[in-house]
Amino acid sequence: TLLRSFVAIVETGSMLNAAEQVFVTQSALSLQIKRLEELVQQALFTREGRRLVLTPAGTVLLDYSRRVLALHDEAIAAVSAGHFAGPVRVGMVQDFAESLLTGLLARFAELHPDSQIYARVAGTAELLTMLERGQLDIIIGYAAADDPSAIKTAPMAWYGNADLSQRGVIPLAVLERPCRFREAAIASLDAAGLPYRIAIETPNLTTLRASVAAGLGLTCRTHLFMPDATSLTETGLPALPRVACIVGKGSELSQATARLAELATEVVHEL
C-alpha cells in the first residue's frame, strides 16, 4: 500500500491527484509517505516551490517499487487463476449515494464477494472529469434532459415552506457551484422576474435538506431529495426543466465492473 501510494504521487505529479487515485485523504497520504521514509530511513521527496521532486533515494526506490507492484499483481493473478479483479471505482452524486448506494453495493457484493469497491461522492462535473482521467470506472449523476447518455429523465420541483414563495424576495437554499439544480432555480426565477436571494449555500445535501425542512429557504431538486415530502405546486413559482439521470462508464471495464454498471443502470431505471 505504501509503495502504491508512493508511485501514485510520482505518476500524477501531486499529492492532491495521487490522493484521488488511491482514494485516501491528502493527510493520510502524507502519513503513508512519512511511514515509508521511516522504513527506508531516507527522504524520498524534496520541495521545489509547489513541486515535489524525487531525491536520489526516491529515484532508486521508484524503480524497485514498480517492479515490486508488478510482481505482486502477477502473483495475485496467478494464484487466483484469473479470478482476481482490481478495485471497482464508482462515483455518485449525493442524491444517488444516499438513496441507492447501500442497496446497489449490497447486490453487487452478493454477485462478486471478492471484489473491492472504492466509492467517490461528488458533483457530476467532478465525477465526469475523474472518469475522463481514468480515475473512476463508473459514475452516476445528472445531466441536461437531452443528454444522449441519459438513462431516464425526471422532473425538477420546488421544495420547502410554501409561505416563503409569497415573500417579496424569495430565499433560496442551494448547493455550491457547480450545481445544475441551483442554475435551474435561478434561471427560472430570473425568467419570471421574481426577486430572490441566496439564504443558504452548502456543499452538503444533508445540510441542504435540513435547511429546507427548517423553513430557511426554498430549493429545486428531484423527488430523491425528500422522498416523503410533497413538492410545491400552485404557489406562483415558475416551472422548472427536467433533468437526466446518467450512468457513465470507462472505456475498459472488467467483467465485474461491467456488471456493476448494468446494475446501476437497472437501479436508475427503477427510480
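I need a count of the residues in segment 200-215 that are over 22 Å from the mean Cα position of the chain (by Cα) and either on the phi > 0 side of the Ramachandran plot or surrounded by fewer than 17 Cβ atoms within 10 Å (Cβ to Cβ) (or both).
Result for segment 200-215: 3.
Step by step: first the residues of segment 176-199, then only those that are among the hydrophobic types (A, V, I, L, M, F, W, C) and within 23 Å of L128 (Cα to Cα), then the one that is surrounded by the most Cβ atoms within 10 Å (Cβ to Cβ). Which residue is that?
Residue satisfying both the conditions and the ranking: A185.
For segment 104-166, please list each of the strands (runs of 3 or more DSSP E) lying entirely inside it that holds at least 2 residues being small (G, A, S).
138-144, 150-155
Within segment 257-271, can you find the residues that are out of contact with any strand residue (DSSP E or B) (no Cβ under 6 Å at 6 or more places or on another chain), farther than 15 Å from A154 by Cα and open to solvent by less than 50 Å² (accessible area, probe 1.4 Å)?
A258, L263, listed by residue number.
Could you list all residues from segment 221-271 that are among the basic types (K, R) and within 13 Å of V90 (Cβ to Cβ)?
Residues satisfying the conditions are K249, R259.
Condition first: hydroxyl-bearing (S, T, Y) and open to solvent by less than 50 Å² (accessible area, probe 1.4 Å). Now tell me which residues in segment 45-76 satisfy that.
Scanning segment 45-76 gives T55, S65.
Taking only pairs six or more apart or across chains, which ones have beta-carbon atoms under 7 Å, a first residue in segment 10-36 that is outside the structural domain of Y118 (by the TED database) and in contact (Cβ under 8 Å) with a residue 40 or more places away in the chain, and a second residue that is small (G, A, S) and buried (at least 18 other Cβ atoms within 10 Å of the Cβ)?
Q21/A8
Considering each residue of segment 125-151, count those that are closer than 19 Å to E266 by Cα and either surrounded by 15 or more Cβ atoms within 10 Å (Cβ to Cβ) or in contact (Cβ under 8 Å) with a residue 40 or more places away in the chain (or both), and give that number.
Adding up the residues that qualify gives 12.
Within segment 223-247, track down each residue that is open to solvent by less than 60 Å² (accessible area, probe 1.4 Å) and at pLDDT below 90.
L224, F225, M226, A229, S231, L232, T235 - these are the residues of segment 223-247 that are open to solvent by less than 60 Å² (accessible area, probe 1.4 Å) and at pLDDT below 90.
Name the strands (runs of 3 or more DSSP E) wholly inside segment 1-100 in which the number of residues that are farther than 28 Å from G141 by Cα and either modelled with pLDDT under 95 or touching a Lys or Arg at 6+ places or on another chain (Cβ under 9 Å) (or both) is 3 or more.
Passing ranges, in order: 45-48, 51-54.
The values are calculated or read from the model by the stated rules, or taken from the named source; none is laboratory data. It should be emphasised that the depicted structure is a prediction, and the values quoted were computed from it without experimental measurement. Virtual Cβ from ideal backbone geometry, glycine too; neighbours counted across all protein chains shown. The area values use the complete protein model at the heavy-atom level, side chains included, leaving out ligands, DNA and RNA. Shrake-Rupley method; radii C 1.70, N 1.55, O 1.52, S 1.80 Å.
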